[in-house]
Every structure is written in structure tokens, then in C-alpha cells.
Amino acid sequence: MITLREIIDHIDSGEPFSCKVVAYDEKRKKGGSIIEYDELRVLRPEEALKEQKGRPKTETEKLKAELYNIKRNPHHKKHFTRNCRIYQQGHPVSLIRKIHVALIIEFNGEKDIAV
């Protein structure tokens, strides 16, 4: 059994992790399905803006940089969420998912204490 405090500490450390999360959409009142992520890592703002050297930026990358420059606080502590980048076989994928820590039911193969 693992506690939510241990889960948060591990996520915030930046180490990769796997988890099972219950899906929930408050606007549409849908959810209940279980989503399994094999490898995730918390997304840091500096990682999101990291440039690749050796080539000019594409139009999409320029737009993305402009959007990230808008200073908007996502209030992760208030909403109990973390933005995480999905990895496959140790390599980052372009998918970023918002994980609600309270909806994690299994973390690194251990059941959450709330279950």
C-alpha cells in the first residue's frame, strides 16, 4: 500500500513512474473507465520550452513557444493535478496528460491506500 503523500513526492521528484487512473470528466459527467500509463514523467516548464539545436523552429514550435510565454498559473496544488509527459521505451512522446493525483488507484504496481 502506498499513500498519496508518497505518490506526490515520487511524482514531484521527476523520476519516471507507471500508474492506473480512473477517468473522470466533470463537464460531461462521464468517466469510470481505467486508464493505464506504463511510463510517465512530470513535465517541467523548462522541458516544455527546450529547443532542439541544429534546425530552425517550425511554425507549430514558434506558436507553442508563444503560448508557453503567456504566464498562466495552472494551480496544480489547488486542483491536485500534475502535467505528465508520456514515454515509450524510455523516449518521450509528444503526448502530455493531466493526472489528478486523487484519482490514481495504482502507482508503480502498488495499490493506493484509499482503494
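Only the coordinates and a few stated rules stand behind these numbers; no lab work does. Since this is a predicted model, take the numbers as computed values, not measurements.
Worth a mention:
- Extension reserve of the L67-K27 stretch, reckoned as 0.36 nm per residue once the Cα distance is removed: 12.0 nm
- E39 long-range amide H proximity, modeled H, under 5 Å: Y87
- Relative contact order (%) - the chain, alpha-carbon pairs under 8 angstrom, separation at least six: 36
- Nearest 10 degrees, 0 to 90: helix 4-13 Cα axis against the chain principal axis: 20
- C-alpha long axis of helix 59-69 to longest principal axis of the chain, angle in °: 60
- A P(r) calculated from all alpha carbon pairs of the chain, with 10 Å bins opening at zero, reads 12, 40, 32, 13, 3 percent.
- Non-local Lys pairs in the chain, i.e. 8 or more apart or on different chains, that have alpha carbons under 17 Å apart: 12
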